[in-house]
Each structure stands twice: as structure tokens, then as C-alpha cells.
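What follows is a single structure, written as C-alpha cells, with notes after it.
The values are calculated or read from the model by the stated rules, or taken from the named source; none is laboratory data. Bear in mind the structure is a predicted one, so any value in this text is a computation, not a measurement. As a convention, Cβ positions derive from the backbone with ideal geometry for all residues, glycine included, and neighbour counts pool all protein chains shown. Side chains included, ligands, DNA and RNA excluded: accessible areas come from the protein's heavy atoms. Shrake-Rupley method; radii C 1.70, N 1.55, O 1.52, S 1.80 Å.
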Amino acid sequence: MTEFAAHGRPEPPLAGGETATLLGFLDFQRATMAWKCAGLDAAGLRAVAAASTMTLGGMLKHLAFVEENWFSRALFGHEWRPPWDAVDWTADPDWDWHSAADDEPEWLLTLWQDTVARSRELVAEALADGGLDRLAKRSWPDGRTPSLRWMVVHMIEEYARHNGHADLIRESVDGSTGE
């Protein structure tokens, strides 16, 4: 049975195996991002804090991109899907961040939620086909190939870092604070 921490976030298992613990922490970080963006309108998702141009909407789109890049493109070798397939990344390497200001909040949330759901399915498929030691289909330019374990830990780090940013931005929008 899943225990839930504050704000409906799933509590990672206290004494689970490696896979359950890693995926538990990744889902906890994903749920933290959902909590930080919950109930905000377009202005809230476009708000910035201090001198940064980072927004919660840009963060959602960026995290959807990173999920797609690691768990679909790198792990399985899939080609880019919309909206990523139409982007000129050379012209704007930060397109995911910049273009979010033009997107509706519902679309951004759906893009992120759908990408996370697909990532969960792909991770489950990879776990059944080699576990955390399963290597990505796409290698890095230097020939090294990350494992699913590396990707999951990297995604935990990615969410944890951006959840810190999200905390500051959300507080500047409406004063909401927490963990």
C-alpha cells in the first residue's frame, strides 16, 4: 500500500528494493512539481523570480522534454514526437523554456502529465527487459551508454533541482510555501 506525504505526494518506500526506492523518489519529485504548479493560471505559470527568466510553465515544458529525451529517445531509440519533432534546436537550444510563455496552462500540464505517463510505461517495459542495468539504445557521442539506473537517478536530480526553483517562483506568485 502506498503511503502519502503532505499534498498527496506518494511517499518513497522506507525499506524497498533498489527499483522501488528509485522510482518512488522519482514519483515523489514529479508529484512535488505538480503541487507547485497546481491551480495556477497563465499569469502564475509565466511569473519569474528575481533576475531569472525561468517560469513554472517553462519548467513543465522542459521537464516534459527531458522525460521524452531520456525515457523514449535515449532508452528506446525512438524518434522525436510532437511538439519536439518540429523544433529547430540549433536556432533556439532553449526552445522548451522560451516557447512556454505562448502556451495555454492546460496544454502545458497535459503535455507534462502525458509525457510522464508515457515515461512510466517505457520504464516498466525496460525494467522487464533487463532491469536497471538495461542500457540505452542511443549512446553518447563519446561512445558511452548510460543505464536505466543512471537515467532514473539523473531524473531524480533534474526534478529535485527544478523543484527548488519552483518553490521560489510559486512563493513569488501567491505566497505558497512548503518543503
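With θ taken as phi - 60° and the coefficients 6.51, -1.76 and 1.60, list the Karplus ³J(HN,Hα) couplings across segment 72-77 in order, rounded to whole Hz; mark glycine and proline as x.
10, 5, 6, 5, 10, x
Only helices at least 27 Å long along their axis, Cα-based, and averaging -1.0 or more on Kyte-Doolittle count here, so list those DSSP H runs from the chain.
Membrane-span-like by this rule: 18-37, 105-128, 148-174.
Size of the dipole of the chain about the Cα centre, Lys and Arg at +1 and Asp and Glu at -1 on the beta carbon, nothing else charged, in debye to 20? Walk me through the numbers before you get to the answer.
Numbers: 16 positive and 29 negative charges, 84 e Å.
Using only the charged Cβ atoms, the result is roughly 400 debye.
Let me check against my output: what whole-number percent is the relative contact order of the chain, with C-alpha pairs under 8 Å and at least 6 apart?
Worked out over the chain, it gives 27 percent.
Considering the dipole of segment 31-179 built from charges on the beta carbon (Lys and Arg +1, Asp and Glu -1) around the Cα centre, which of 82, 57, 70 is farthest to its positive end?
Towards the positive end, the residue furthest out is 70.
Assuming R0 = 22 Å, can you tell me the calculated FRET efficiency for the pair residue 139 and residue 99, based on Cβ-Cβ distance, to the nearest 0.05? List each step's numbers first, then the result.
Details: r = 29 Å, r/R0 = 1.31.
Result of the calculation: an efficiency of 0.15.
Hey, what's the chain come to in accessible area per residue, 1.4 Å probe, Å²? Mind dumping the intermediate values first?
Numbers: 9130 Å² over 179 residues.
Averaged over the residues of the chain, the accessible area is 51 Å².
If each residue of separation counts as 0.36 nm, what is the full-extension length gain between residue 86 and residue 110 once their alpha-carbon separation is subtracted? Mind showing how you got there, number by number?
Details: separation 24, 0.36 × 24 = 8.64 nm, distance 1.86 nm.
Going from the current span to full extension adds 6.8 nm.
Which percent of the accessible heavy-atom area of the chain goes to carbon and sulfur, probe 1.4 angstrom?
Its accessible area is 55 percent carbon and sulfur atoms.
For residue 120 and residue 50, what does the FRET efficiency come to when R0 = 35 Å and r is the distance between their Cβ atoms, rounded to the nearest 0.05?
Computed FRET efficiency for residue 120 and residue 50: 0.55.
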